[in-house]
Amino acid sequence: MFIKRVVPRIIRNSRNEKTIQIELTTYEGKFIASAPSGKSTGKHEVPSYNSKGIGRSRVLLKAFCKRITGKNYLLKKIDDLKKLRSAIGKFEARFGRMGGNVTYTLDAVFLKAAAADKNKELWEFINDEVNNGLKPKMPMPVGNCIGGGLHSKLTRGKRPDFQEFLLIPKEASFSKAVTKNFHAYLYAKGLLKAQKRGDEGAWRTDKTNEEVLDILKKVGKKYGVRIGMDIAASTFYDKGYYLYKNKNLIRDKVDQADYMERLAKKFGVFYMEDGMQEEDFGGFRETLSAARKGALVVGDDLTTTNLARVRRAVAGKSINAMIIKPNQIGSMIEVKKVVEFCKRHKIKMIFSHRSGETMDNALADFAVGFGAHFIKCGIYGRERLIKLKRVMDIEKGLNK
Ligand code: PEP
Ligand code: MG
């Protein structure tokens, strides 16, 4: 794969924040990738940018792009990204860190070009390597229906403390599941009397966690859809306590674990992400041991797509499912390692968007190609729909 031209740009994400986009030209054509950005980021994620900010990252990236222009990269599989990584490593050792969002975007755009070089779709390129080219099973969507926490502005001075209230259909096809989620999402709007949406397109409300769960349960029942939540507990945790604002309550570690258990039972919650703060492997373990059979206890800020943390979480029986966000670790080789580990240990994988998203749809190809059980990329909003549509298109192509 010959690198004819590489152009880095700064674009705006769905939250109007600056992010990195890279356009790569090879003899096969032009390829574009960009990075999303989180708001409730885990402490153990790699930094997104240089410590001096995105401007400095861009300057460095520009210099790096010059160095790789005119070079040849043999890229027949994901692990061949090692050559690019070694060039990045040497460059960063001399000039400073570009950041996880930059290194992820470089990997992603290289993989897109490499797939085209082999006359493959991106998901196929990955599936060939990770799944021996066997026909992939489609993931199910995890859709954010009602929002709270850092992703949602206040409504009449309030919002739920939990970050996401989720709908998770189980259908024979991805497209049926997406349609179901959309209808359920509109039904929820009526029950909530909601008008406005938060960062990921989820409805904004002043209701408490429990009031929202009551509504979500009704929605789930009417449409035959499982329900879940991303508590994002680290976002309201401080020095040993969980600080609930909507009801003015403080819970310690034990109370929080009890509360999670109670909510899971009372509302029949199928999916529970980050119910405890990001260092509390023991608290996650309690939640998992109390969970009913088949329910998912999901790590996100706990695991941050970081193999060492995933190993610890799995060895300690803290999770049975995890979020995979490529820019949390900034390397597709590392993502592959995490995927292989999850497969070996039967940990369910949820490939996930970030709250600040771009129009890149690579996440959909990653989810299908790596064999994810779920893809979490919202229900509404063009940056979310483009990913759902991409999975639908892949599914259609496979059923022809
Ligand atoms: C999440 O916590 O799952 C999430 C998508 O949030 P963010 O992108 O803000 O980290
Ligand atoms: Mg999360």
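Every number here is computed from the coordinates shown, using simple stated rules; none is lab data. In this text, all values refer to a predicted model and were calculated from it rather than measured experimentally. Ideal geometry is used to build each Cβ from the backbone, glycine not excepted, and the neighbour counts take in all protein chains shown.
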Open item on the list: Would you work out the Kirkwood radius for the chain? I mean one over the mean of 1/r across all pairs of different Cα atoms, in Å.
Closed with: 21.4
- [ ] Answer with one residue from 8, 313, 57: the one whose Cα lies farthest towards the positive end of the charge dipole of the chain, charges on Cβ with Lys, Arg +1 and Asp, Glu -1.
- [x] 8
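What is the magnitude of the charge dipole of the chain about its Cα centre, with +1 placed on the Cβ of each Lys and Arg, -1 on the Cβ of each Asp and Glu, and no other charges, expressed in debye to the nearest 20?
Numbers: 78 positive and 44 negative charges, 139 e Å.
Roughly 660 debye for the chain.
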Task: Part-to-part distance (alpha-carbon centres) for segment 26-44 and segment 79-134, which is given in Å - done: 11
- [ ] Would you mind calculating the relative contact order of segment 5-129 from Cα pairs under 8 angstrom and at least 6 residues apart, reporting the percent as a whole number?
- [x] 30
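What order do you get for 396, 120 when you list them from fewest to most C-beta neighbours inside 10 Å? Intermediate values should be presented prior to the final figure.
Details: 396 12, 120 16.
So the ranking, lowest neighbour count to highest, is 396, 120.
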Task: Likely footprinting exposure, 238, 230, 107, fewest C-beta neighbours within 10 Å first - done: 238, 107, 230
Task: Distance between modelled label sites at residue 359 and residue 382, nm, 7 Å Cα→Cβ extension - done: 0.6
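So which chymotrypsin sites (Phe, Trp or Tyr not before Pro) in segment 1-71 pass both tests, a DSSP loop state and at most 15 other Cβ atoms within 10 Å of the Cβ? Walk me through the numbers on the way to the answer.
Numbers: sites: 2, 27, 31, 49, 64; in loops: 27, 49.
Taking segment 1-71 and a limit of 15 other Cβ atoms within 10 Å, the loop chymotrypsin sites (Phe, Trp or Tyr not before Pro) found are 27.
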Open item on the list: If you filter segment 1-47 for trypsin sites (Lys or Arg not before Pro), then keep DSSP loop positions with at most 14 other Cβ within 10 Å, what is left?
Closed with: 4, 43
- [ ] Extending each Cα 7 Å along its Cβ direction at residue 59 and residue 348, get the distance between those two points in nm, one decimal.
- [x] 4.7
Open item on the list: Which residue, 132, 109, 145, has the largest displacement toward the positive end of the dipole of segment 104-224 when charges sit on each Cβ (Lys, Arg +1; Asp, Glu -1)?
Closed with: 145
TODO: Compute the signed sum of charges (Lys and Arg +1, Asp and Glu -1) over the other residues within less than 10 Å, Cβ to Cβ, of residue 108.
DONE: -2
- [ ] Rounded to the nearest Å, what's the spacing between the alpha carbon centres of segment 285-318 and segment 184-211? Just the number, please.
- [x] 28
TODO: Could you line up 203, 123 from fewest to most neighbouring Cβ atoms inside 10 Å?
DONE: 123, 203
Task: Residues in segment 1-25 reached by a label modelled at residue 153 [backbone nitrogen below 16 Å; 7 Å Cα→Cβ] - done: 14-17
TODO: First measure r as the distance between the Cβ atoms of residue 206 and residue 132, then evaluate 1/(1 + (r/R0)^6) with R0 = 60 Å and state the FRET efficiency to the nearest 0.05.
DONE: 0.75
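May I ask you to derive the relative contact order of segment 73-172, considering only C-alpha pairs under 8 Å and at least 6 residues apart, and to give it as an integer percent? Numbers along the way, then the final one.
Values: 77 pairs, mean separation 19.3, N = 100.
Answer for segment 73-172 is 19 percent.
Provide the gained length on full extension for the span residue 83 to residue 187, in nm with one decimal, where the gain is 0.36 nm per separating residue minus the Cα-Cα distance. It would help to have the intermediate numbers written out before the result.
Working: separation 104, 0.36 × 104 = 37.44 nm, distance 5.02 nm.
Roughly 32.4 nm would be gained on extension.
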- [ ] Can you tell me the relative contact order of the chain? Whole percent, Cα pairs under 8 Å, sequence separation 6 or more.
- [x] 20
Task: Share antiparallel - DSSP beta bridges, the chain, percent rounded to 5 - done: 65
Open item on the list: Greater than 20 Å separation of Cα atoms is the criterion. Which listed pairs, 376/400; 189/325; 189/265; 4/83; 43/343; 82/337, meet it?
Closed with: 376/400; 189/325; 189/265; 43/343
- [ ] Just subtract the alpha-carbon distance of residue 222 and residue 252 from 0.36 nm times their residue separation and send over the number in nm, one decimal.
- [x] 7.3 nm
Task: Hull shadow area, averaged, segment 1-79 [alpha-carbon convex hull, nm²] - done: 6.6
- [ ] First measure r as the distance between the Cβ atoms of residue 9 and residue 66, then evaluate 1/(1 + (r/R0)^6) with R0 = 22 Å and state the FRET efficiency to the nearest 0.05.
- [x] 0.90
